[in-house]
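K.L.:
Got a structure for you, questions after.
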Amino acid sequence: NNMVYYVVSTLVKEVKVVLDRNQESAALVPDDSDTLSQGELIQSRIVDAAKLILTDAPSELVEGVVLTDGKVLWQSAHSAYVGKVQLPSDLIRILSVRVSDWIRPGKLISEDDDEYKLQSCRFGLRGNVERPVAAIVHAGGGRYLELYTSNTNDATLDLSYVKQPEIFNGMIGLPQGLKDAIVYMTAYLVCVSLGDNSTAEGLLSVARNLAGIVNVEPSQMQ
């Protein structure tokens, strides 16, 4: 699924078309000096909309990048090694994580999961090279990935993740297959910010359907 760089002003126009088709009143925002213009309001919601879709869409529809500068700190713990690596601040979702001596990619958990408590157990309940576990934890204002476990203290990490989208020089990079879903999600966020919840509900449903999002609960990874 290829990343395409879209002109933001063109996306704004597409969102306006969606809003005009779905809203009873096309005049959303009075265009005067005291308030955001309709175009500015739409543009201000595009990145948030993209983040919501990229977080929950099926992994085959999103575009991953490889962590290139992740330095893993390995510490000895009960005859194996537990790894810790700081996650980049622009990471919104991990697609896969694998350590060089793991026989399969790690199972991703958070520090709030019951399974996380088992990772400090010495009696074979924690992750190992056959059944590896990677836990997202928060510490000191940052996010880290703890890797359970490796048989060596010099194993290397292969981590694929989705980056926070950003507008740069009037352009934004989005996976081509998710562009329409992001347009509808932007329209949804605009309606919510204007208090038009009845229109918003329908737009959210279309956005999620276009992105192939079938789960009801949004992603829990923060």
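The values are calculated or read from the model by the stated rules, or taken from the named source; none is laboratory data. Note that the coordinates shown come from a computational prediction; the quantities given were computed from them, not determined experimentally. Cβ placement follows ideal geometry from the backbone for every residue including glycine, while neighbour counts extend to all protein chains displayed. For the accessible areas, the whole protein counts, side chains as well, though only heavy atoms, and no ligand, DNA or RNA atoms are used. Shrake-Rupley method; radii C 1.70, N 1.55, O 1.52, S 1.80 Å.
K.L.:
I'd like the residue in the stretch 139-159 that is open to solvent by 10 Å² or more (accessible area, probe 1.4 Å) and assigned to a strand (DSSP E or B) and, out of all such residues, is nearest to LEU118 (Cα to Cα).
P.N.:
Result: TYR148.
K.L.:
Give the number of residues within the stretch 85-140 that are in contact with a Ser or Thr (Cβ under 6 Å, 6 or more places away or on another chain) and in contact (Cβ under 8 Å) with a residue 60 or more places away in the chain.
P.N.:
5
K.L.:
When you go through (1) closer than 18 Å to ASN128 by Cβ; (2) surrounded by 14 or more Cβ atoms within 10 Å (Cβ to Cβ) one by one for ILE53, which number turns out not to apply?
P.N.:
With respect to (1) closer than 18 Å to ASN128 by Cβ; (2) surrounded by 14 or more Cβ atoms within 10 Å (Cβ to Cβ), ILE53 is out only on (1).
K.L.:
Could I ask something else about it? Run down ARG98, ARG104, ARG93 and say which single residue is charged (D, E, K, R), surrounded by 17 or more Cβ atoms within 10 Å (Cβ to Cβ) and over 17 Å from GLY177 (Cβ atoms).
P.N.:
Sole residue among the options that is charged (D, E, K, R), surrounded by 17 or more Cβ atoms within 10 Å (Cβ to Cβ) and over 17 Å from GLY177 (Cβ atoms): ARG98.
K.L.:
If you don't mind, there's one more thing I want to ask. For the subset of the stretch 206-222 comprising residues that are at pLDDT 95 or above and open to solvent by 50 Å² or more (accessible area, probe 1.4 Å), which member is farthest from the chain's Cα centre (by Cα)?
P.N.:
Checking each candidate, the answer is VAL206.
K.L.:
Exactly one condition in (1) open to solvent by 30 Å² or more (accessible area, probe 1.4 Å); (2) under 23 Å from VAL129 (Cβ atoms) is false for GLY64; which is it?
P.N.:
Going through the list (1) open to solvent by 30 Å² or more (accessible area, probe 1.4 Å); (2) under 23 Å from VAL129 (Cβ atoms), GLY64 breaks only (2).
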